[in-house]
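The values are calculated or read from the model by the stated rules, or taken from the named source; none is laboratory data. Source: prediction; values computed, not measured. Because the Cβ atoms are built from the backbone with ideal geometry, glycine has one as well, and the counts that use them run over all protein chains shown. To get the accessible areas, we keep the full protein, side chains included, count just its heavy atoms, and leave off ligands, DNA and RNA. Shrake-Rupley method; radii C 1.70, N 1.55, O 1.52, S 1.80 Å.
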Amino acid sequence: VAALTDHDHWGIPFLDEAPQLWQEIRKQTQAFYEPGRFVTLEGFEWTNWIYGHRHVLHFGSGLAIRSSIDPAFDTPTELWDSLRGEPVLTVAHHSAGGPIAIDWSFPPDPELEPITEIVSVHGSSESPDSPGGIYSPIAGNFVRDALAKGFRLGFVGSGDGHDGHPGLSHLASGGGGLAAILSEEATRESVLAALRARRTYATNGPRILLDVELDGRPMGSVVPVSTPGRLVVRVITPDPLDRIDLVADGQVIDSLPAGEKRMLAFESEIRSSGPGTLYVRVIQTNGGAAWSSPFFFE
């Protein structure tokens with residue numbers, strides 16, 4: 001799956017001032033869509049320097065630019081209201097810091113923003129103890145803090161590449177962000193359904209395979225509280241593993257040393273005494289990492 005999300009009003013030229021460029025992007029997006037093999041999405045970056053940057057992704061055709069400096073669309077709420085009813089998702093970008101942090105005082109729209117970017121070429125927005133943390137972080141603004149506010153968000157990685165290598169952003173940096181989408185089919189409709197259900201995980205670049213289930217439920221699921229559950233984790237990595245962390249309600253509750261293996265599977269009994277979250281973090285010895293979408297106990 002790929003989307004070219006150029007800035008609405010940043011860079012050269014601005015999409016909101018270059019309709020011919022936006023039409024060309026849309027034309028090529030439709031030309032290269034090959035259902036079952038390669039999914040292309042229309043998209044742009046809502047580059048707001050007050051409330052933060054967001055990707056806008058369309059899972060059909062006909063997306064119109066909503067400029068982040070247009071008074072009709074210059075707040076997150078106005079953006080979401082203008083998109084409602086379309087097959088569209090938004091994704092908060094480098095939320096903990098970097099060029100501009102996300103203003104979490106605007107709760108993510110549960111219909112239009114069910115996922116969030118946890119890592120990109122700018123670094124990880126997960127938490128202060130995350131490998132490869134984002135630069136210029138703001139305390140209390142990490143993804144873990146957003147979960148603590150009760151926001152139900154799955155995890156993806158994004159490239160934020162400006163060098164023309166989708167999936168291998170900023171080759172010289174040695175890192176980036178990838179979204180793994182557990183979709184039934186390689187179609188726009190199926191990918192949209194998977195993202196809405198938070199059946200996703202993120203990596204900071206490596207092609208890490210991660211499968212996490214809780215009582216047969218996929219990552220991103222809502223789980224009843226006070227019911228003992230069987231957590232099953234399977235990991236295959238391109239480079240040696242350092243450890244696998246279980247993160248519950250903002251704290252690492254268990255850490256399994258991996259002994260530099262590249263394949264690991266384990267099971268654990270999970271009990272939740274109240275509402276909260278649980279996700280899995282995988283870390284390689286070289287700092288490569290992956291994050292499962294959380295389970296939400298309610």
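With a cut-off of at most 16 other beta carbons within 10 Å, and DSSP calling the residue loop, which trypsin sites (Lys or Arg not before Pro) in the stretch 1-85 qualify? Please list them. Show your work: numbers first, answer last.
Working: sites: 26, 27, 37, 54, 66, 84; in loops: 37, 66, 84.
In loop regions of the stretch 1-85 (DSSP not H, G, I, E or B), the sparsely surrounded trypsin sites (Lys or Arg not before Pro) are 37, 84.
The value of relative contact order for the chain, using C-alpha pairs under 8 Å at least six residues apart, is 13 percent.
Note on the chain: GNM, Cα springs under 10 Å; of 211, 129, 74, the largest mean-square fluctuation is that of 129. Under the combined filter of DSSP loop state and at most 14 neighbouring Cβ atoms within 10 Å, the stretch 89-167 retains these trypsin sites (Lys or Arg not before Pro): 149. A protection proxy built from the mean count of other Cβ atoms within 10 Å ranks the segments 288-297, 41-50, 261-270, most packed first, as 288-297, 41-50, 261-270. Is the shape of the stretch 53-204 rounded, prolate or oblate, going by the alpha carbon gyration tensor and its root eigenvalues a ≥ b ≥ c, with a/c under 1.5 for rounded and a/b larger than b/c for prolate? Because its axes are fairly even, with a/c under 1.5, the stretch 53-204 counts as rounded.
If the Kirkwood radius is taken over C-alpha pairs of the stretch 1-105, then at 4 °C and 1.567 mPa s the Stokes-Einstein diffusion coefficient equals 92 µm²/s.
Work out, in µm²/s and without decimals, the Stokes-Einstein translational diffusion coefficient of the stretch 36-75 at 10 °C, 1.306 mPa s, Rh from Kirkwood over C-alpha pairs. Translational diffusion coefficient: 140 µm²/s. Accessible surface of the chain, 1.4 Å probe: 54 percent of it comes from carbon and sulfur atoms. Using C-alpha pairs below 8 Å separated by at least 6 residues, the relative contact order for the stretch 102-209 is 28 percent. Centroid-to-centroid, using Cα positions, the stretch 226-257 and the stretch 123-186 are 18 Å apart. Considering only 81, 109, 245, the mean-square fluctuation computed in a Gaussian network model of the chain, springs between alpha carbons under 10 angstrom, is largest for 81.
Calculate log10 I(q)/I(0) of the stretch 67-146 for q = 0.18, 0.27 Å⁻¹, where I(q) comes from the Debye formula with a single equal point scatterer on each Cα and nothing for solvent. Results for the stretch 67-146 at q = 0.18, 0.27 Å⁻¹ read -0.75, -1.23.
Put 95, 221 in order of accessible area, largest first, 1.4 Å probe: what do you get?
Per-residue accessible area, sorted high to low, gives 221, 95.
Exposure check, 1.4 Å probe, all protein chains in place: residue 38 carries approximately 70 Å² of accessible surface. Divide the volume of the convex hull around the Cα atoms of the chain by the residue count and you get 122 Å³ per residue.
Taking all protein chains together, 278, 182 sort by accessible area into 182, 278, largest first [probe 1.4 Å].
The mean accessible area for residues of the stretch 1-155, using a 1.4 Å probe and ignoring ligands and nucleic acids, is 41 Å² per residue.
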